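The values are calculated or read from the model by the stated rules, or taken from the named source; none is laboratory data. Given the structure is predicted, the values throughout are model-derived calculations rather than measurements. Remember, those area values only see protein heavy atoms, side chains included, never the ligands or the DNA or RNA. Shrake-Rupley method; radii C 1.70, N 1.55, O 1.52, S 1.80 Å.
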Amino acid sequence: MLPTRAGLVPLMFQGGLLEMTSDLSGVSVDARVAIGKTGFDEALLFTHRGLSGPSILQISSYWREGQEVRIDLAPRRDVFDELKAARGANGRQELHTVLSAVLPRRLAERVALDSGLGRPAEAGAPGAAKSVPIRMADLSDKKLKAVADAVNAWRVLPSGTEGYRTAEVTLGGVDTAGLSSKTMQAKDVPGLYFIGECVDVTGHLGGYNFQWAWSSGAAAGRSL
């Protein structure tokens, strides 16, 4: 047996990171989410607990406690170059307005705020944080690079996952080294079979885990 844990599951934040993102609940973007050399290009969803969406569920199967997750909120776009171009074309534009051409408006305002170029919403005011009217002409390349990195190279340290309550699969389980790949029978215990999710086999989103359950069940059944 290998240790089990929840897989294909949302990631949670705590403390300051949760405070930064909780008011973005419901905002979705196409993103590139990666750990090491493994990455997924799919939708990302902000939640009141942290992050979800296909890209996050996929990467959760590779995430371990204490690992940092790299997120590109605008894949295939060089936000630094776009910000510099916008500054040159019209320096009177405000930062969050330019970012809104790249990101959903609430997220654009939050990025501006968290880059030190905005202010919180007024007490009692509804909605997300408001940006101070910072003109593009007033921003140096260094400040623009910091903003761009918050979009193209956002790094987060999750506090954990939402666990089995919302997980789609279980990682770990019966070690495949102890099973016949043709019949799913235990090599050391004739007549004992293991199939499906209790075996240490986990697929990506898209029906692969259902297919594994059916295929491993069929292999075991046909061998009897």
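The helix-only estimate of mean residue ellipticity at 222 nm for the chain, built from DSSP H runs of length n ≥ 4 each weighted as -39500 (n - 2.57), is -8500 deg cm²/dmol after division by the residue total.
Against the chain, whose longest principal axis is taken from its Cα atoms, helix 79-89 shows a tilt of about 20°.
Each residue was assigned an accessible area with a 1.4 Å probe, and for residue 161 the value is about 40 Å².
Helix 208-223 and the longest principal axis of the C-alpha atoms of the chain enclose an angle of approximately 0°.
For the set 113, 224, solvent exposure ranked by accessible area (probe 1.4 Å, protein chains only) runs largest to smallest as 224, 113. Here's how it looks for residue 61: its modeled amide H is under 5 Å from those of 8, 9, which are all 5 or more places away or on a different chain. Just need the relative contact order of the chain here, percent rounded to a whole number, with Cα pairs under 8 Å and 6+ apart. Relative contact order of the chain: 24 percent.
For the chain, the alpha-carbon radius of gyration amounts to 1.31 times the rule-of-thumb value 2.2 N^0.38 Å expected for a compact globular protein. Taking every lysine pair in the chain that is 8 or more places apart or spans two chains, those with Cα atoms closer than 26 Å amount to 8. Between the Cα long axis of helix 141-152 and the first principal axis of the chain there is an angle of about 30°, rounded to the nearest 10.
The alpha carbon centroids of segment 1-29 and segment 169-206 are separated by 29 Å. Altogether, the Stokes-Einstein calculation at 10 °C and 1.306 mPa s, with the Kirkwood radius of segment 20-98 over Cα pairs as Rh, returns a diffusion coefficient of 112 µm²/s. In the complete set of protein chains, residue-level accessible area for residue 187 is approximately 130 Å², probe 1.4 angstrom.
Estimated at the nearest 10 Å², the accessible area of residue 204 is 80 Å² with a 1.4 Å probe. The alpha carbons of segment 142-212 stretch over 66, 24, 22 Å along the principal axes, in descending order. Ordered by 1.4 Å accessible area with all protein chains kept, 165, 222, 87 run largest first as 222, 165, 87. Shape verdict for segment 1-60, please, from the Cα gyration tensor: rounded (a/c under 1.5), prolate (a/b greater than b/c) or oblate. The shape class here is oblate. Probing with 1.4 Å while keeping every protein chain in the model, the per residue accessible area of the chain equals 52 Å². In terms of accessible area, using a 1.4 Å probe and ignoring ligands and nucleic acids, 134, 56, 195 rank largest first as 195, 134, 56.
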